[in-house]
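Take a look at the structure set out below.
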Amino acid sequence: MTPSERWPAILLQLAPDAWTRATDLARVLGVSERTVYRDVQAMGEAGIPLQGVPGKGYRLPESYLLNPIRLTTDEAIMLVLGSAYAARNFDGRYRAAARAAQRKLEGVLSPEDRERALSLQGSVPLVSPSVYGDSAEDGLLRRARHALVEERTLVATVTAPDGEPSRRTIDPYGLVQQGSTWHIVGHGHERGRVVHLRLPNVEALNLTEETFERPPSYGTPSDGPSTPPQRQVRVVFSEDIASSVQVPPILEIDQRETLSDGRLLLTLNVDDEREAMPWLLSWGAYAQVLDPRALRERIAAEAQAVADQYESVPTLLD
């Protein structure tokens, strides 16, 4: 048992109305008293206000604990997910507190609800929206998480390669992020097997009233779906703004090169060229896409459409 695992275990053994000796803590944790002394000292240095009296043991101050509250099952499951996320992203006292909270909550859930919470931990990643994030994509992610929690079937409107939208029905098992791209993993009704839907290709997600049961043996692969071949975008920025070019997190830089004339040449790795379009268009004439040709044509068509809007006097009567 590591220190990060022992700290929440120690907190679970302590109460404000009773003293617990180091000997008893050592026996419960399966470690030496010396290890308990070291952990308690480290917890105090981390800001956890443990009270200790020689010959009596340790306890938590009354002010450290909140008054009892009543939670619904759904509220407890959501808090389990949140505490698991916090335990992975914090250190010290806060990681210990998050793990202790998670264990307390799991302890009061029924075996079925505890299994549901554990299943969701591996299927519903909790991430905050990117600064450069797409609000439409954030909305799709929220709806997908909703369907995952309630185990409800989704109907997705997907953009086909020929540009025509099609409808897919899927029982979502999990969300997976591969590079900068989110995938909904689940049972596809049309194909009768597990499928992966790329979120950038999804125009809309609709929750149905139909429910399903996630297979008990299902676990989202840690590495997600098979990695699609990445594509490269080469773009050159004028010397005037080369030093101020910042690439958003959604785009991966493969190579950054300052040319002899002061211009900046960037090579980007993307899953789909369309991911880079909004950012590239925001630079206007300062950025020129060299390849791929399909992206050059898309950028040119979009720029022409913008230019066409300024050929006539604007009016609100059109």
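Readers should treat all values here as calculations from the given coordinates under stated rules, not as data from a laboratory. Fair warning: this is a prediction, and the values are worked out from it, not measured in the lab. Cβ placement follows ideal geometry from the backbone for every residue including glycine, while neighbour counts extend to all protein chains displayed.
Here are some notes:
- For peptides 7-16, 24-33, sequence by mean Cβ density within 10 Å, most packed first: 7-16, 24-33
- For segment 3-64, the fraction of alpha-carbon pairs lying more than 19 Å apart is 18 percent, rounded to a whole number.
- Backbone amide hydrogens, once placed in the peptide plane, bring ARG214 within less than 5 Å of nothing, excluding anything fewer than 5 places away on its chain.
- Loop-located trypsin sites (Lys or Arg not before Pro) in segment 36-82 (DSSP state not H, G, I, E or B) with no more than 10 neighbouring Cβ atoms inside 10 Å: ARG70.
- Mean separation of Cα contacts under 8 Å (6+ apart) over length of segment 231-308, as relative contact order %: 37
- Residue-by-residue Karplus 3J(HN,Hα) for segment 170-178, coefficients 6.51, -1.76, 1.60, Hz, glycine and proline x: 9, 8, x, 9, x, 10, 10, 9, 10
- Segment 69-86 - phi-based ³J(HN,Hα) in whole Hz, Karplus 6.51/-1.76/1.60, Gly and Pro as x: 10, 9, 10, 7, 4, 4, 4, 5, 5, 5, 5, 4, 4, x, 5, 5, 5, 5
- Whole-Hz ³J(HN,Hα) from phi, Karplus 6.51 cos²θ - 1.76 cosθ + 1.60, for segment 197-204, glycine and proline x: 9, 6, 4, x, 8, 9, 8, 7
- Anisotropy class of segment 231-308 from Cα gyration tensor, a/c 1.5 cut: oblate
- The amide H of GLY174, built 1.01 Å from its N in the peptide plane, has VAL185 as neighbours under 5 Å, considering only residues 5 or more places off or on other chains.
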